[in-house]
Amino acid sequence: MSVKYDVMVIGAGVTGAAIARKLSSYNLKTVIVEKECDISFGVSKANSGIIHGGFHHDSSTLKSRLEVKGNLLFDQLKEELHFPFSRCGIVVAAFNNDEMRSVEKLYENGVSNKAIGIELCNHERLLSLEPKLNPDVIGGLYVPGGGIIEPYRFVFSLMESAKKNGCELYTDFKVIRGVQKDDYYEISSDDGRMIKSKWVINAAGLFCDEVSKAFRAEQYEIKARKGEEFLLDRNATAYTSKVVFPAPSEKSKGMLVIPTVEGTTMVGPTADMVDDKEDCSTSKENFLKIFSSARRLVPVVSERDIITSFTGLRPSIEGEDFYISPSEKIPRFIQVAGIQSPGLTASPAIADYVKDLLKKQGLQLIEKSDYDPNIEKVPRFRNSSHEEIDNLIKENPAYGEIICRCESISEAEVIAAIRQGHTTLDGIKFYTRAMMGRCQGGFCTYKIMKIISRETGIPMDEITKRGGSSWLVNKKVGDYPVGTEI
Amino acid sequence: MKKINKEVLVIGGGSAGMAAAAQISEKGHSVVIVERESTMGGILNQCIHNGFGLQRFKEELTGPEYAEKYIDIINKLDIEQYTGTTVTDIEDKGDHKVVYAFSSKNGMLTIRVRAIVLAMGCRERNRGNIGTAGSRPSGIYTAGLAQRLVNIDGLMPGSKCVIVGSGDIGLIMARRMSWVGAKVSAVVEIQPYPAGLTRNIVQCLNDFNIPLYLSHVISKIYGKDRVEAVDITPLKNGMEMTEETFRVECDTLLLSVGLVPDNEVSQKAGVKINKETNGPVVDSRLMTSVDGIFASGNVLHVHDLVDFVSEESQRCGAYVCDYLDNREEESQYTVCSGSNIKYVIPNKFTAGRDNKFYMRSMIVKNHAHLVLTLDGKEIMRKKQTHIQPSEMITYTLKKEDLPLEDLNGESRLEISLVGQGE
Ligand SMILES: Cc1cc2nc3c(=O)[nH]c(=O)nc-3n(C[C@H](O)[C@H](O)[C@H](O)COP(=O)(O)OP(=O)(O)OC[C@H]3O[C@@H](n4cnc5c(N)ncnc54)[C@H](O)[C@@H]3O)c2cc1C
Ligand SMILES: Cc1cc2nc3c(=O)[nH]c(=O)nc-3n(C[C@H](O)[C@H](O)[C@H](O)COP(=O)(O)OP(=O)(O)OC[C@H]3O[C@@H](n4cnc5c(N)ncnc54)[C@H](O)[C@@H]3O)c2cc1C
């Protein structure tokens, strides 16, 4: 490729996508590269989806400042990007005096961070705010500004917006080397492609350390802290009206009960350091741990309602704060590393922060005259009234084919996902929610495979769950020697 | 947009829906069937093995052949059918119901009826429901999905399989996968007895030398992109014998770990659900807790034989007609599960006629007795040569065997299974 980009963002998680979108509003040639076959397949797909309330960390940290700023940006972002988001509020529940004291500390953090509307509550007030809480609660904290989003859908929307404004995306592009030339870098992928860019932003999540090394920039280590979570059925009685936190411990925010924005309930996450940065397995011990802590908060949480579980790995770095800074070893290279919780919340503020750093470092930023912050809204069958659906079907009959029965996802939505470039089962799952409900794809997987094949021409045996060797069917019946019927 | 006015709506065109609709139509009432797939027949369409219809038609048919017989019946009766149409909501307006359904052809259908038969069938339990630890690669399928891929789409979900759970679909798929050239290394069942019918153990596993590991679990799944192996661990007294764990390489895991009645739409209408069956609570006429809404087939409780589904649904159709004709059922009394019984359907009985019960055992035993007690007093006892959870038990309590004089408003009939001499 002979084009020279102004800026390359490495890593298309929420951090990279937010930065790419921000940069797409300026007169710059921007490119974002991602090693997986689709975006948001890293940490940004497996987290709690909470827009944090600005009270967990004290105001001396960069992450708490960006958390509070980021939180405030979500209302406008939702207007522009139509991802599911609700400011449902957060409660923190204390069950004894020690816990109440640590809740009071959170309150002080919140006040100094200027978290809007934060209040301390007694037993009665807290229970009236969240009636499903364990009645043994003695009091706690209420943070009305906290909320919940669908994280992958947020990333998809950011990326769609960035692309609409001219940012280019290369998937399956794993950066293995960055070589400094005169006023630019030559960045190579593991399959031999090469892209030139003047500036580079390292937003590679768990692998920021490797990318940094590949450019001979700073040496540091990102370690993975694993979090397992369980998802409960839409009909579970455990669905609370607010996010419920326990009083925090030294190490983590604890295991919580989360009403997801799409109506399911999530419990978790755990927090354990692991060596393998690709270890997304779940374990039995953690299952027991999560359910006992969740039940302490909300007694009606039941294993009976589990529909699936998943694991996310927090990219943790020494000092546990965000590390967002121009490299001191090489020019025009910005490190955006250690973006663990509240990374999702902070992401829009991180993007602003990075933009300011670029400007300070000398990148000329001129606003695009034709920048359009809005993307098209794809109506969802599930959120439309009967009459709206009737009209949608008239315009596009594919709205009348319900593909995923558990989540009420129509064929039109699946096709929209494919047209946005999501051609694996997981990509379509995260875009549409098909296969995410209680049957976990038991009924619709084959239908979705057929639609992918029909829309893209990819043969059935080349469709994957999420790229690589995650194939779904390998041969046709009859390709194997057939046994004798008995 | 389309408006439909009928006496009855049947939701689901599987064997249950078709049998109920046929009965209703034969008795002179107007009925419409709405089916989400493009063809009638439901799950039968993918069950290309035989073993259907021995009781109902006295001949051995494949699933599609069995479905065909009913499709002929409903077509001859000229029953109105909407395929490719999904019901999403039911509104209960007291003396009538308004139902909303959608299809690409007609847009929204608004269906106004006096009565509804729920016949939506069931879905398969999946990995999340059984909480298997390990990674989450591709290659983990429910057995029914694999059956669909192989039998209808002609696609191989993999070549080296391990099957989790010994439900009938899993057993049938063990044989099917062997036939099409895949290797099936193990069937792993957590219980000390198989979950499927004995005839399927013999015909699908023994005949193919596929080992069945009873009292074993899959303790871990390996593989980043695609399944690479699983750990199998024996259980002793419910505890995992970790040191006896062994690993089996495979690229595919098929789950046959049970079926769950599909009652999303029913619940939206306010129908009460029974925790044991996951189907609606029904009275002696198979009517749910909502007046005018009936249920039969797998949506009510999971059946092992289609013949029973047809029988139950035909009766259900007749009860619907009684309801439409304002023929009141005589007083109803409570039925409950006694010792060793997982559930009994229906949950009420009537003094006015014979009562047919379907039930499932919680135990495996040779030579047991089915015992019926009315308010603590034994009224019937019947020998069972063999009972096991996977084989449904049926029992008809004859009207003349009911001590009518002992019945009062609070009367409870309890059905139990006891060992011989107990
Ligand atoms: C269990 C859990 C719960 C959480 N809950 C919350 C919450 O409730 N609220 C909140 O605000 N935050 C939460 N977080 C934190 C949040 O998820 C992360 O901060 C955020 O997703 C990080 O996004 P990212 O874009 O930096 O990383 P990622 O999403 O991992 O993106 C980095 C991308 O870079 C790609 N990449 C890596 N190496 C290369 C390479 N060499 N070449 C090209 N591409 C590369 C990766 O494939 C990946 O897609 C949670 C995290 C976890 C693990
Ligand atoms: C894989 C498998 C193997 C079996 N093998 C045997 C065997 O060998 N011998 C035997 O006798 N029996 C067997 N059975 C049992 C028997 O065939 C089934 O129990 C029976 O066919 C179920 O009938 P049903 O009508 O209740 O459900 P289904 O056949 O599942 O029909 C339900 C129908 O409702 C439709 N529906 C659901 N929701 C909606 C909605 N909202 N709107 C519109 N339509 C809807 C579905 O699309 C489906 O067509 C087997 C069952 C299975 C699952």
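Check every one of the strands (runs of 3 or more DSSP E) wholly within segment B:1-100 and list those with 2 or more residues that are open to solvent by 70 Å² or more (accessible area, probe 1.4 Å) and away from chain A (no Cβ under 14 Å).
Of the strands (runs of 3 or more DSSP E) lying wholly inside segment B:1-100, none has at least 2 residues that are open to solvent by 70 Å² or more (accessible area, probe 1.4 Å) and away from chain A (no Cβ under 14 Å).
Anything in segment A:291-311 that is under 23 Å from A:Cys406 (Cβ atoms) and not in a loop (DSSP other than H, G, I, E, B)? List them, or say none.
A:Phe291, A:Ala294, A:Glu303, A:Arg304, A:Asp305, A:Ile306, A:Ile307, A:Thr308, A:Ser309, A:Phe310, A:Thr311
Under 6 Å between Cβ atoms, which residue pairs at least 6 apart in sequence (or on different chains) link something in segment A:165-182 that is without any contact (Cβ under 8 Å) to a residue 12 or more places away in the chain with a partner that is of a type outside the set (Lys, Arg) and surrounded by fewer than 16 Cβ atoms within 10 Å (Cβ to Cβ)?
From segment A:165-182, the pairs are A:Val179/A:Glu186.
On the given criteria, is B:Thr394 within 16 Å of ligand 2 (Cβ to nearest atom), open to solvent by 30 Å² or more (accessible area, probe 1.4 Å) and either part of a loop (DSSP other than H, G, I, E, B) or away from chain A (no Cβ under 14 Å) (or both)?
Here the answer is yes, as B:Thr394 does meet what is asked.
Determine if segment A:330-339 includes at least one residue that is more than 16 Å from ligand 1 (Cβ to nearest atom), open to solvent by 40 Å² or more (accessible area, probe 1.4 Å) and either over 30 Å from A:Gly312 (Cβ atoms) or not assigned by TED's automatic domain parsing to the domain that holds A:Ala416 (or both).
Checking segment A:330-339: at least one residue is more than 16 Å from ligand 1 (Cβ to nearest atom), open to solvent by 40 Å² or more (accessible area, probe 1.4 Å) and either over 30 Å from A:Gly312 (Cβ atoms) or not assigned by TED's automatic domain parsing to the domain that holds A:Ala416 (or both).
Here's a check for you: in segment A:180-202, which residue that is open to solvent by 10 Å² or more (accessible area, probe 1.4 Å) and within 11 Å of ligand 1 (Cβ to nearest atom) is farthest from the other protein chains (Cβ to nearest Cβ)?
Within segment A:180-202, the match that is farthest from the other protein chains (Cβ to nearest Cβ) is A:Ser188.
Does A:Leu81 fit the bill of being open to solvent by less than 20 Å² (accessible area, probe 1.4 Å) and either on the phi > 0 side of the Ramachandran plot or aliphatic (A, V, I, L, M) (or both)?
It is true that A:Leu81 is open to solvent by less than 20 Å² (accessible area, probe 1.4 Å) and either on the phi > 0 side of the Ramachandran plot or aliphatic (A, V, I, L, M) (or both).
Conditions: (1) within 8 Å of chain B (Cβ to nearest Cβ); (2) open to solvent by less than 20 Å² (accessible area, probe 1.4 Å); (3) more than 21 Å from A:Ala46 (Cα to Cα); (4) under 26 Å from the mean Cα position of the chain (by Cα). A:Glu413 meets all but one. Number of the miss?
(1)
Looking at B:Val162 and the list (1) away from ligand 2 (no atom under 13 Å from the Cβ); (2) closer than 30 Å to B:Lys268 by Cβ; (3) part of a strand (DSSP E or B), which single condition is not satisfied?
The one condition B:Val162 does not meet is (2).
Any residue in segment A:251-269 that is more than 16 Å from ligand 2 (Cβ to nearest atom), modelled with pLDDT under 90 and among the charged types (D, E, K, R)?
Within segment A:251-269, one or more residues are more than 16 Å from ligand 2 (Cβ to nearest atom), modelled with pLDDT under 90 and among the charged types (D, E, K, R).
Run B:Asn209 past the list (1) away from chain A (no Cβ under 14 Å); (2) at positive phi; (3) of a type outside the set (A, V, I, L, M, F, W, C) and report the number of the one that doesn't hold.
(1)
Across segment B:101-139, what is the total count of residues that are modelled with pLDDT of 95 or more, of a type outside the set (Gly, Ala, Ser) and in a strand (DSSP E or B)?
11
Among the listed residues A:Asp209, A:Asp191, A:Asp182, which satisfies the condition of being farther than 27 Å from A:Tyr152 by Cβ, of a type in the set (Asp, Glu) and not assigned by TED's automatic domain parsing to the domain that holds A:Glu303?
Among A:Asp209, A:Asp191, A:Asp182, only A:Asp182 is farther than 27 Å from A:Tyr152 by Cβ, of a type in the set (Asp, Glu) and not assigned by TED's automatic domain parsing to the domain that holds A:Glu303.
If you go through segment B:363-380 one residue at a time, do you hit one that is part of a strand (DSSP E or B), among the small types (Gly, Ala, Ser) and closer than 26 Å to B:Arg315 by Cα?
Scanning segment B:363-380, I find no residue that is part of a strand (DSSP E or B), among the small types (Gly, Ala, Ser) and closer than 26 Å to B:Arg315 by Cα, so the answer is no.
Starting from segment A:265-282, keep only residues that are more than 28 Å from A:Lys132 (Cα to Cα), then list their pairs with residues that are open to solvent by less than 10 Å² (accessible area, probe 1.4 Å) whose Cβ atoms are within a distance under 6 Å, requiring at least 6 positions of separation or different chains.
The qualifying pairs are A:Val274/A:Ala224; A:Lys277/A:Ala224; A:Cys280/A:Thr311; A:Ser281/B:Gly134.
On the given criteria, is A:Gly483 surrounded by fewer than 22 Cβ atoms within 10 Å (Cβ to Cβ), over 23 Å from B:Lys183 (Cβ atoms) and modelled with pLDDT under 95?
Considered against the rule, which asks whether it is surrounded by fewer than 22 Cβ atoms within 10 Å (Cβ to Cβ), over 23 Å from B:Lys183 (Cβ atoms) and modelled with pLDDT under 95, A:Gly483 comes out as no.
The values are calculated or read from the model by the stated rules, or taken from the named source; none is laboratory data. Keep in mind that what you see is a predicted model, and the values were worked out from it rather than measured. For neighbour counting, all protein chains shown are included, and Cβ atoms are generated from backbone atoms with ideal geometry for every residue, glycine included. All accessible areas refer to the heavy atoms of the entire protein, side chains included, with ligands and DNA or RNA removed. Shrake-Rupley method; radii C 1.70, N 1.55, O 1.52, S 1.80 Å.
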